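Worksheet: one structure, shown below.
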Amino acid sequence: MAKARSNFICQSCGAVSPRWQGKCEACGEWNSFVEEAPTSGIGAAAARGAKKGRIFALEGLSGESKPAPRVLSGLAELDRVTGGGFVPGSVLLIGGEPGIGKSTLLIQACAMLARKGERVVYISGEEAAAQVRLRAERLGLADAPVELAAETSVEDIIATLSAGRRPALVVIDSIQTMWTDTADATAGTVTQVRGAAQALIRFAKLSGACVILVGHVTKDGQIAGPRVVEHMVDAVASFEGDGSHHFRILRNVKNRFGPTDEIGVFEMTGGGLTEVANPSALFLAGRDGSAAGAAVFAGMEGTRPVLVEIQALVAPSALGTPRRAVVGWDPSRLSMLVAVLEAHGRVKLGQHDIYLNVAGGMKIAEPAADLAAAAALVSSLVGAVLPQDMVFFGEVGLSGAVRPVPHAGLRLKEASKLGFSRAVAPQGADGRASAKGETPKGMGMNAIRHIGEAI
Ligand code: TYD
Ligand code: MG
């Protein structure tokens, strides 16, 4: 029999190599390979006397069992991100920077659910049970029957959870602090984290409990160490926000049971996280409508329209290569837009420094923001203030054509709700339809086809 050889595993991405390497070819990380003991392969399973599994027919499954109802946390913004509640037996990974409010969010969700009479267990590997209790007390949740434990051994945790009533929700804060007896490696390594996650996922599938794993995030936004865990779990959400703002965004990254483009918006207050049902009002608060270079973009986040302000500052550059700085938007998208404005709008930006900012710390990924960004740039360049009651949306193509974007009706409705009465939007398939049927009362439409018309 061949001698079992140990493998070298990249602690950053989980790539396996038979030899030690200075640089991981898969993720480019330096000095990330650690020798870890081999796991038993297929041959070993056969030697153990593995059982033959049972195979189901897809069409036969429907009648076999009705899916259990989803578990609603009671925090509407959290339930929106999970796609309408947690799926029993599923595992959700929530990543975020330290101090962003992951523990706060989850203890609040636990308390809400526990008050409804469900068994809820919160396991902290970072804080003592008394500290978690203290926080809950500060949040006014101390009376909620949440079971707390400070524990890091996965075997002990599963033994605790398996005793008594089936828990509806289990929170593990955080997965990086957990360790399992079955993995022969130091705590915190990929093998340990993966082993611990595997055991907890198995527990979730067998028991039907929802398990939430908290994961720490490194500076560049990766869930620290085990990217592998992201592939193992059913859903991944990231909790974002920046220190200078009070609001936090829970963003869906992966979801096996629902849409991935939903966001949940929360505000961090002295009394914990409160839900923000109307994010547009929050993002537009404190808007200075009398300044040039600001345009309001009627955007979409998942199924929900969100209005945000795009701010631009264009100033003659003293440098040979003008400076371009973007916050909250794609820098290459800005370069493209600047080129289109020069070529098709006769707007000369080549010798100007350009700063573009999405107000409130929002991140926009939609191409529909092109038109609003263009409006902000031109407004700042010529020093003209845009009308206060005007919103913009539309994708700008390389030819300068303004292309229709989905959900024109929803965007216009949200804008009208917030007191906007004019919209600059694309003409064409969706644009015309929106001008006909979906335009709210009192909304003046400026349907355009080319970037030149907007200027
Ligand atoms: P925490 O949930 O501990 O963050 P994480 O688990 O992601 O590391 O949140 C810590 C921060 O939240 C801390 O800087 C203080 C702030 N905070 C409030 O502003 N109000 C509150 O009611 C609580 C509990 C925390
Ligand atoms: Mg924490």
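The values are calculated or read from the model by the stated rules, or taken from the named source; none is laboratory data. All values reported here derive from a predicted model rather than from experimental measurement. Methodologically, a virtual Cβ is constructed for each residue, glycine included, from the backbone with ideal geometry; neighbour enumeration extends over all protein chains shown.
What single numbered condition from (1) assigned to a helix (DSSP H, G or I); (2) among the hydrophobic types (A, V, I, L, M, F, W, C); (3) under 14 Å from Leu371 (Cα atoms) fails to hold for Val308?
Exception for Val308: condition (1).
Consider the range 239-264. How many of its residues are within 16 Å of ligand 1 (Cβ to nearest atom) and within 20 Å of Phe86 (Cβ to Cβ)? It would help to see each step written out before you state the result.
Taking the range 239-264 first, the residues within 16 Å of ligand 1 (Cβ to nearest atom) are 239-251, 264.
Subsequent filtering for residues that are within 20 Å of Phe86 (Cβ to Cβ) retains 239, 248-251, 264.
Here the count works out to 6.
Could you count how many residues in the range 82-103 are away from ligand 1 (no atom under 16 Å from the Cβ) and not in a loop (DSSP other than H, G, I, E, B)?
The initial filter retains those residues of the range 82-103 that are away from ligand 1 (no atom under 16 Å from the Cβ), namely 82-91.
Now restrict to residues that are not in a loop (DSSP other than H, G, I, E, B): 86, 91.
Number satisfying all stated conditions: 2.
Of the residues Gly299, Gly293, only one is crowded, with 21+ Cβ neighbours inside 10 Å, within 30 Å of Thr104 (Cβ to Cβ) and in contact with a strand residue (DSSP E or B) (Cβ under 7 Å, 6 or more places away or on another chain); which? Please lay out each step first, then the result.
On the way: Gly293 fails: within 30 Å of Thr104 (Cβ to Cβ).
Just a single option satisfies the conditions, and that option is Gly299.
Just to check your reading of the model, which residue among Glu137, Glu155, Glu97, Glu126 is surrounded by fewer than 16 Cβ atoms within 10 Å (Cβ to Cβ) and under 24 Å from Phe239 (Cα atoms)? I'd like the intermediate steps shown before the answer.
Details: Glu155 fails: under 24 Å from Phe239 (Cα atoms); Glu97 fails: surrounded by fewer than 16 Cβ atoms within 10 Å (Cβ to Cβ); Glu126 fails: surrounded by fewer than 16 Cβ atoms within 10 Å (Cβ to Cβ).
Within the list Glu137, Glu155, Glu97, Glu126, the selection yields Glu137.
Among the residues of the range 214-259, what is the count of those that are of a type in the set (A, V, I, L, M), modelled with pLDDT of 80 or more and assigned to a loop (DSSP other than H, G, I, E, B)? Working first, answer last.
If we filter the range 214-259 for residues that are of a type in the set (A, V, I, L, M), which is where we start, we get 214, 217, 223-224, 228-229, 232-233, 235-237, 249-250, 253.
Within this subset, residues satisfying the condition of being modelled with pLDDT of 80 or more are 214, 229, 232-233, 235-237, 249-250, 253.
Next, only the ones that are assigned to a loop (DSSP other than H, G, I, E, B) stay: 233.
Going through the range 214-259 one residue at a time, the tally reaches 1.
Would the range 153-174 turn up any residue that is outside the structural domain of Gly361 (by TED's automatic domain parsing), out of contact with any Ser or Thr (no Cβ under 9 Å at 6 or more places or on another chain), of a type in the set (Ser, Thr, Tyr) and not in a strand (DSSP E or B)?
yes
Can you confirm whether the range 121-139 contains a residue that is outside any helix (DSSP H, G or I), among the charged types (D, E, K, R) and away from ligand 1 (no atom under 12 Å from the Cβ)? Even if it seems obvious, please write down each step before you answer.
Initially, the range 121-139 is screened for residues outside any helix (DSSP H, G or I), giving 121-128, 139.
Still in the running and among the charged types (D, E, K, R): 126-127.
So of that shortlist, the ones also away from ligand 1 (no atom under 12 Å from the Cβ) come out as none.
For the range 121-139, residues outside any helix (DSSP H, G or I), among the charged types (D, E, K, R) and away from ligand 1 (no atom under 12 Å from the Cβ): absent.
Here are Ser399, Ser434, Ser380, Ser421: which of them is surrounded by 18 or more Cβ atoms within 10 Å (Cβ to Cβ) and at pLDDT 90 or above?
Ser380
Which of the residues spanning the range 87-129 are more than 11 Å from ligand 2 (Cβ to nearest atom) and of a type in the set (Asp, Glu)?
Result: Glu118, single match.
If Ala111 meets every condition in (1) over 13 Å from Pro167 (Cβ atoms); (2) away from ligand 1 (no atom under 14 Å from the Cβ) apart from one, which number is that one?
So the condition that Ala111 fails would be (2).
Determine whether Ala142 is within 16 Å of ligand 2 (Cβ to nearest atom), in the same structural domain as Glu118 (by TED's automatic domain parsing) and free of Cβ contacts under 8 Å to residues at least 60 places away in the same chain.
Values: within 16 Å of ligand 2 (Cβ to nearest atom): no; in the same structural domain as Glu118 (by TED's automatic domain parsing): yes; free of Cβ contacts under 8 Å to residues at least 60 places away in the same chain: yes.
It is false that Ala142 is within 16 Å of ligand 2 (Cβ to nearest atom), in the same structural domain as Glu118 (by TED's automatic domain parsing) and free of Cβ contacts under 8 Å to residues at least 60 places away in the same chain.
Residue by residue, here is whether (1) more than 24 Å from Gly99 (Cβ to Cβ); (2) of a type outside the set (Lys, Arg); (3) modelled with pLDDT under 90; (4) touching a Pro at 6+ places or on another chain (Cβ under 9 Å) holds:
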{"residue": "Asp261", "(1), (2), (3), (4)": "yes, yes, yes, no"}
{"residue": "Ala277", "(1), (2), (3), (4)": "yes, yes, yes, no"}
{"residue": "Phe297", "(1), (2), (3), (4)": "yes, yes, no, no"}
{"residue": "Thr303", "(1), (2), (3), (4)": "yes, yes, yes, yes"}
{"residue": "Leu313", "(1), (2), (3), (4)": "yes, yes, no, no"}
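A quick yes/no check of all residues on (1) under 16 Å from the mean Cα position of the chain (by Cα); (2) in the same structural domain as Leu371 (by TED's automatic domain parsing); (3) buried (at least 21 other Cβ atoms within 10 Å of the Cβ):
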position: Gly264; (1), (2), (3): yes, no, yes
position: Asp288; (1), (2), (3): no, yes, no
position: Ala312; (1), (2), (3): no, yes, yes
position: Gly320; (1), (2), (3): no, yes, no
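Out of everything in the range 437-455 that is within 30 Å of Ala343 (Cβ to Cβ) and part of a helix (DSSP H, G or I), what residue ends up being modelled with the highest pLDDT? Walk me through it before giving the result.
Going residue by residue through the range 437-455, those that are within 30 Å of Ala343 (Cβ to Cβ) are 444-455.
Filter again for part of a helix (DSSP H, G or I), leaving 451-454.
Working: Ile451: 85, Gly452: 82, Glu453: 80, Ala454: 74.
Applying the filter and picking the extreme gives Ile451.
Are any of the residues in the range 146-162 under 18 Å from Lys116 (Cα atoms) and away from ligand 2 (no atom under 16 Å from the Cβ)?
yes
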